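The values are calculated or read from the model by the stated rules, or taken from the named source; none is laboratory data. Predicted model only: the values in this text are computed from it and were never measured. Cβ sites come from the backbone with ideal geometry, for glycine too, and all protein chains shown count toward neighbours. Just the protein is used for accessible areas: all its heavy atoms, side chains included, with ligands, DNA and RNA removed. Shrake-Rupley method; radii C 1.70, N 1.55, O 1.52, S 1.80 Å.
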Amino acid sequence: MAGGLDPGAGICVRRERSTAIAAKSSSDSLPLKIFFHERRGSLFCESVSLASLAQAHQTPLYVYSASAIRAQVRAFETALAGVDHLTCYAVKASSNLALLKLVADAGCGFDIVSGGELYRVRKAGAGAAPIVYSGVGKSEREIAEALRAGVLQFNVESEAELRILDAVAARARRRARVALRVNPEVDARTHRYVATGLNTSKFGIPMRRARAAYALAQSLPHLEVVGVDCHIGSQLTMLAPLAEALARVRRLVVELRERGVNVRTVDVGGGLGIAYRTSDATPSLERYAEIIRQAFGDLGVRIILEPGRLFVGNAAVLLTRVLLTKQGAARRFCVVDAAMNDLLRPALYDAIHSIIPVIRSEKPTRRYDVVGPVCESADFLALGRDLPEPQPGDLLAIGGAGAYGFSMASNYNSRPRAAEVLVDGKRASLVRRRETYADLTRGE
Ligand code: LLP
């Protein structure tokens with residue numbers, strides 16, 4: 001576990017007196033403006049001080065930078081220029097209505113995995129944007145809703161799902177456009193909980209059954225086969241496994257076409273990793289685009305991409321206040337008011353997020369486990385982290401909190417979920433109010 005005060009690319013803070021610093025992040029060749037920075041010893045998101053936001057909205061508090069998200073979408077689109085493609089933001093990464101609207105305004109469609117996500121996309125006023133519907137288990141109700149909404153394509157993950165989709169489409173008197181998600185059986189070399197291309201994974205149809213599954217799909221009258229889909233995992237830091245997977249998908253596309261299957265779209269999933277620490281290596285967007293061009297450039301297919309983390313991961317911090325510090329038998333603890341229910345990634349994936357004092361401190365540095373109030377030993381936000389001696393009431397910013405942060409939050413320990421603020425230049429909007437105790441028992 002990393003020690004030391006690593007400002008990390010997760011917040012991309014530079015202790016410099018600059019408002020927006022061009023730096024290399026997420027892509028090694030596209031400069032990304034840094035939207036979290038320090039002014040006179042105090043951290044800002046764009047033009048708004050984080051301390052003032054904590055004062056106005058209390059903590060724990062998620063703070064997103066709209067400009068950071070827009071810049072990240074732009075960098076992605078620039079890299080893919082010349083590729084016939086459709087970018088469908090993976091809603092699960094962060095699904096606040098304001099963020100969905102922002103991403104839709106930036107020209108993206110959506111990748112959804114539930115009826116709830118479909119509801120959100122429509123509620124955000126982005127229902128006209130193209131939607132692909134992924135996921136290993138879609139209920140009949142969800143399928144019917146998606147058919148009514150006219151989703152662009154269903155990414156189907158099993159023969160059983162093909163039959164269910166055909167039956168629901170028949171009842172709805174519609175034809176469902178389908179791509180089959182194939183499992184290319186490559187090791188994405190990422191955390192085992194977010195690797196999806198292994199032969200032990202529940203996801204997709206094994207490559208060796210793909211031809212038969214396509215034959216089945218073509219025989220079902222209420223399905224229209226339009227494409228092939230794959231997604232080998234998330235937080236990919238190396239592109240070689242993806243290149244291997246896409247080479248296998250290419251071979252399948254060529255073979256299917258020889259068999260008369262009209263493959264028009266290839267969905268390459270999401271998964272591009274981001275730098276949570278300055279030392280993290282991240283894949284180059286240019287190389288990523290090149291791999292896609294190499295695999296499919298000559299086939300005349302439309303590429304669908306499903307980035308989630310890349311667009312929002314480093315565009316937010318989670319603000320938390322120090323409650324107290326305490327000395328255990330073997331370790332020193334900094335107990336804060338955010339917990340695993342607010343940010344689950346450290347507990348679930350041993351994820352490392354940068355942690356920085358919001359107000360610069362000259363106090364001596366000591367090593368702490370930064371933990372929340374939840375009654376679980378897994379409730380930590382960082383282990384063995386060097387911090388300038390925190391005092392009760394001090395504010396800390398946890399970096400890289402934009403993806404799978406709030407979207408994985410729960411009410412465990414009956415903790416109301418945090419508020420979310422979206423900063424755009426000088427403007428800060430409360431885009432989700434803090435939950436109340438009454439919210440906790442609503443519906444009981
Ligand atoms: N498409 C499909 C079919 C997916 O399953 C996922 C993520 C994505 C796209 C978006 O992947 P991204 O570009 O964000 O890597 N909670 C975990 C990540 C789970 C990812 C699940 N699927 C985490 O916090 O690391």
Size-normalised alpha-carbon gyration radius of the range 67-311, reference 2.2 N^0.38 Å: 0.95
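Report the number of Lys pairs in the range 67-311 whose alpha-carbons are under 19 Å apart, with separation of 8 or more residues or on distinct chains. All intermediate terms of the calculation are to be shown ahead of the outcome.
Numbers: 92/101; 92/123; 92/138; 92/202; 101/123; 138/202.
The number of close lysine pairs in the range 67-311 is 6.
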Please state the relative contact order of the range 323-444 as a whole percent: Cα pairs under 8 Å, 6+ residues apart? 25 percent
Could you order 412, 193 by accessible surface area, starting with the largest, using a probe radius of 1.4 Å? 193, 412
Angle in degrees between helix 66-79 and the longest Cα principal axis of the chain, rounded to the nearest 10: 40 degrees
Taking 0.36 nm per intervening residue step and subtracting the Cα-Cα distance, what contour gain separates residue 427 from residue 149 on full extension? 96.7 nm
Find the relative contact order for the range 67-311 and round it to a whole percent, using C-alpha pairs within less than 8 Å whose residues are 6+ positions apart. 21 percent
The rounded separation in angstrom of the Cα centers of the range 410-444 and the range 174-243 is 36 Å
Share of antiparallel DSSP beta bridges in the chain, in percent to the nearest 5? 50 percent
Those trypsin sites (Lys or Arg not before Pro) in the range 29-112 that DSSP places in a loop and that have at most 14 other beta carbons within 10 Å: 40
If you stretched the chain out fully between residue 290 and residue 208, how much longer would it get, using 0.36 nm times the residue separation minus the C-alpha to C-alpha distance? 26.8 nm
Which three extents, in whole angstrom, do the alpha-carbon atoms of the range 219-340 cover along their principal axes, largest first? 69, 35, 26
Across 399, 137, 271, the residue with the highest GNM fluctuation in the chain (Cα network, 10 Å cutoff) is 137
Order 377, 429, most accessible first, counting only protein heavy atoms with a 1.4 angstrom probe. 377, 429
Can you pull the Kirkwood radius for the range 355-419, inverse mean 1/r over Cα pairs, to one decimal in Å? 13.5 Å
With label points built 7 Å along Cα→Cβ from the Cα atoms of residue 192 and residue 348, find their separation and express it in nm. 1.7 nm
Between helix 159-171 and the chain, what is the angle of the helix's C-alpha long axis to the longest principal axis, kept within 0 to 90° and rounded to the nearest 10? 80 degrees
Quick one: Cα centre-to-centre distance for the range 52-84 and the range 113-157, in angstrom? 24 Å
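How much length would be gained if the chain were fully extended between residue 55 and residue 164, taking 0.36 nm per residue of separation minus their Cα-Cα distance, in nm to one decimal?
Numbers: separation 109, 0.36 × 109 = 39.24 nm, distance 5.15 nm.
Working it through step by step, the gained length comes to 34.1 nm.
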Ellipticity estimate at 222 nm from DSSP helix runs (n ≥ 4, -39,500 (n - 2.57)) divided over the chain, nearest 500: -8000 deg cm²/dmol
Taking only the alpha-carbon atoms of the range 192-245, what semi-axes of the equivalent ellipsoid follow from 5 times the gyration tensor eigenvalues under a square root, in whole Å, largest first? 26, 12, 10
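If you average the sequence gap of Cα pairs under 8 Å that are 6 or more apart and divide by the length of the chain, what percent do you get for the contact order?
On the way: 1063 pairs, mean separation 97.0, N = 444.
Relative contact order, the chain: 22 percent.
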For the range 294-336, compute the orientation-averaged projected area of the C-alpha convex hull (one quarter of its surface), in nm². 6.4 nm²
Please state the shape class of the range 166-257: rounded when a/c is under 1.5, otherwise prolate if a/b exceeds b/c and oblate if not, all from the C-alpha gyration tensor. prolate
For a quick check of your reading of the filter: which trypsin sites (Lys or Arg not before Pro) in the range 169-235 sit in a DSSP loop and have no more than 13 other Cβ atoms within 10 Å? 173, 189, 202
With a 1.4 Å probe and all protein chains kept in place, how do 59, 365 rank by accessible area, largest first? 365, 59
Taking springs between alpha-carbon atoms closer than 10 angstrom, which of 234, 158, 219 fluctuates most in the Gaussian network model of the chain? 219
Based on Cα coordinates alone, diagonalise the gyration tensor for the chain, multiply each eigenvalue by 5, take square roots, and list the semi-axes in whole Å, largest first. 40, 23, 20
Tell me the label-point distance for the pair residue 259, residue 219, using the 7 Å Cα-to-Cβ offset, in nm and rounded to one decimal. 1.2 nm
If I ignore ligands, DNA and RNA and count only protein heavy atoms, how much of residue 422 is accessible to a 1.4 Å probe, in Å² to the nearest 10? 20 Å²
In a solvent-free Debye calculation with one equal scatterer on each Cα, what is log10 I(q)/I(0) for the range 319-444 at q = 0.10, 0.19, 0.20 Å⁻¹, listed in the order of the q values? -0.33, -1.12, -1.21
